[in-house]
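What follows is a set of notes on a single structure, which appears directly below.
The values are calculated or read from the model by the stated rules, or taken from the named source; none is laboratory data. All figures in this text were calculated on a predicted structure; none of them were measured in a lab. Virtual Cβ from ideal backbone geometry, glycine too; neighbours counted across all protein chains shown. Note: accessible area is taken over every heavy atom of the protein model, side chains too, but ligands, DNA and RNA are not part of it. Shrake-Rupley method; radii C 1.70, N 1.55, O 1.52, S 1.80 Å.
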Amino acid sequence: MFSLNQFPLPFPAKGMEPYMSEQTINFHHGKHLDTYIKNLNELSQGTKYADLPLNEIIIKSAKDESAKKIFNNAAQVFNHNFFFNCLSKEKISMPEEIIISFGSADNFFEQFKSVAVSVFGSGWAWLIRDTNNELKIISTANADTPIAHNLKPIMTIDLWEHAYYLDYQNRRPDFIDAILKNLINWDFIKENLEK
Ligand code: MN
């Protein structure tokens, strides 16, 4: 059984204002993430997934046609926890490895934004490290997550409408800009690069 306490917000709910409102954070963490956790508990109860760590549930259920709902909810728990940890308002600088890989900080921002803007419907934009050790920007649809594809997640932005609709309505590009330029926790990103 999982609980919301295992996935605490790493900042106060007001901490991302004015780029992300307290109301958005409270719904996003306290309602959306909480619902994925409750659904996961209900769906996995009495199955072979019941007592596994979250990452194992995701990797195993990704290959199990009969466990699609378990996969979706488990992956959304992972994705949201990862996303909230990617956020900070501290002014920290982008790790050197990203600047070198993408040519410049601006190039990285431009490429990330272009992938994120073009996701159709709900999904996620990611910086990942692939099996050749290369950094790439990718998107996943709906609940899908890099760890189900043997890719190491480094950074993500949630592109489901619930992530931005209260603050930006349909202006997804403005939401992406606001996060990329003001709210990325580069210390967390750096830890992921070094793992
Ligand atoms: Mn979300």
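Computed quantities for the displayed model
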| item | result |
| --- | --- |
| Three-way shape call for the stretch 54-195 based on the alpha-carbon gyration tensor, with the a/c threshold at 1.5 | oblate |
| Relative contact order of the stretch 96-194, pairs being alpha-carbon contacts under 8 Å that are 6 or more residues apart, as % | 24 |
| The chain, accessible surface, carbon-and-sulfur percent (1.4 angstrom probe) | 50 |
| At R0 = 30 Å, FRET efficiency that the Cβ-Cβ distance of Ser104 and Asn150 yields, to 0.05 | 0.55 |
| Residue-normalised accessible area of the stretch 21-85, expressed per residue, 1.4 Å probe, Å² | 50 |
| Neighbourhood charge, 12 Å Cβ-Cβ cut-off, centred on His32 and excluding it, Lys, Arg +1 and Asp, Glu -1 | -1 |
| Residue order for Leu151, Leu40 - accessible surface, 1.4 angstrom probe, largest first | Leu151, Leu40 |
| The stretch 65-127: chymotrypsin sites (Phe, Trp or Tyr not before Pro) falling in loop per DSSP and having at most 13 other Cβ within 10 Å | Phe120 |
| Theoretical gain in end-to-end length, Met1 to Glu96 [0.36 nm per residue, Cα-Cα removed] | 30.3 nm |
| Computed E for Lys89/Lys68 - FRET, C-beta separation, R0 45 angstrom, nearest 0.05 | 0.75 |
| Reciprocal mean inverse distance between Cα atoms of the stretch 1-111 - Kirkwood radius, Å | 16.0 |
| Lysines whose Cα lies under 25 Å from that of Lys89, excluding same-chain neighbours fewer than 8 positions away | Lys14, Lys31, Lys113, Lys136, Lys152, Lys181, Lys190, Lys195 |
| Around Asp130: net Lys/Arg minus Asp/Glu count, Cβ-Cβ under 9 Å | +2 |
| Cα centre as origin, Lys/Arg/Asp/Glu Cβ charges: the chain dipole, Debye | 300 |
| Per residue accessible area of the stretch 96-194, 1.4 Å probe, in Å² | 46 |
| At most 13 other Cβ within 10 Å, DSSP loop - GluC sites (Glu not before Pro), the stretch 119-195 | Glu134 |
| Column: log10 I(q)/I(0), Debye, Cα scatterers of the stretch 114-195, q = 0.20 Å⁻¹ | -0.92 |
| Extended-chain gain in nm, criterion 0.36 nm per residue less alpha-carbon gap, Gln45 and Asn142 | 32.6 nm |
| Accessible area, probe 1.4 Å, largest first, for residues Ser44, Ser104, Ser114 | Ser114, Ser104, Ser44 |
| Largest-first ellipsoid semi-axes for the stretch 21-85, taking √(5λ) over the Cα gyration tensor eigenvalues, angstrom | 23, 11, 9 |
